[in-house]
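The structure appears right after this line, and notes come after that.
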Amino acid sequence: MKYKILSVLFLLNMHLSKAQDALDISAAEISFVFVNNDVDGTISGFSSSSTIDANNLENSKLEGSVEVATIDTDNSIRNWSLRREKYFDADNHPKITFVSNTIASDGDVLNVVGQLTIKGITKKLTFKFKKTNKQLVGTATLYSSDYGIHIKSERDKNKVNVKIVLHLK
């Protein structure tokens with residue numbers, strides 16, 4: 001009987017420790033900077049169906065989307081223009097999505113490699129996340145022209161730095 005109780009306690013402890021290593025996302029904040037224009041902004045309407053298991057990253061998945069119509073650069077005329085067909089085309093492509101292919105740990109950094117889809121164009125993108133308190137803070141760099149959004153004529157002048165703050169439960 002004593003061994004059965006110890007076995008049950010051991011299994012319960014294993015289950016609870018695994019539950020503590022699962023990272024559930026409760027909310028997100030996404031911001032960006034168009035480097036060449038020195039324009040920053042945010043995008044919201046985040047939804048996610050992610051599963052992040054700190055003990056088994058191979059089985060983890062980070063996926064989510066944001067709503068293009070929520071782009072905010074603190075300039076209503078620019079926001080309206082960015083949402084139009086020439087740039088993000090919110091009417092025909094209402095969401096920006098990301099789906100991870102791999103999540104790997106490199107010391108205290110989580111490298112999340114996946115597919116980012118903007119305006120119907122899908123490209124590989126890597127986010128580097130660091131865990132701080134109850135957040136995962138990730139950064140990536142992309143070029144808007146790779147997604148059919150030509151702010152400037154030269155690719156290098158379409159550089160965008162993206163920051164994602166995932167709030168964990």
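Structural remarks
- Single residue of LEU136, LEU125, LEU116, LEU142 found to be touching a strand residue (DSSP E or B) at 6+ places or on another chain (Cβ under 6 Å), of a type outside the set (Ser, Thr, Tyr), buried (at least 16 other Cβ atoms within 10 Å of the Cβ) and at pLDDT below 95: LEU136
- Test: SER47 is of a type in the set (S, T, N, Q), surrounded by 17 or more Cβ atoms within 10 Å (Cβ to Cβ) and within 11 Å of the chain's Cα centre (by Cα): no
- Selection status of LYS134, of a type in the set (D, E, K, R), touching a His at 6+ places or on another chain (Cβ under 7 Å) and farther than 19 Å from PHE34 by Cα: yes
- Residues that are under 16 Å from PHE129 (Cα atoms) and at pLDDT 95 or above, drawn from region 19-62: GLU29, ILE30, SER31, PHE32
- Whenever a residue of region 82-96 is closer than 20 Å to ASP40 by Cα, its partners that are of a type in the set (Ser, Thr, Tyr) and modelled with pLDDT of 95 or more, lying with C-beta atoms within less than 8 angstrom and at least six residues away or across chains, give the pairs LEU82/THR73; TYR87/SER81; LYS95/SER65; ILE96/SER65; ILE96/THR117.
- Selection of strands (runs of 3 or more DSSP E) fully inside region 66-161 by the criterion of at least 3 residues being over 20 Å from ALA28 (Cβ atoms) returns 95-106, 121-132.
- Selection status of SER31, among the polar types (S, T, N, Q), under 11 Å from the mean Cα position of the chain (by Cα) and surrounded by 17 or more Cβ atoms within 10 Å (Cβ to Cβ): no
- Meets criteria (among the hydroxyl-bearing types (Ser, Thr, Tyr) and without any contact (Cβ under 8 Å) to a residue 24 or more places away in the chain) for TYR143: yes
The values are calculated or read from the model by the stated rules, or taken from the named source; none is laboratory data. Since this is a predicted model, take the numbers as computed values, not measurements. Neighbour counts run over all protein chains shown; Cβ positions are idealised from the backbone, glycine included.
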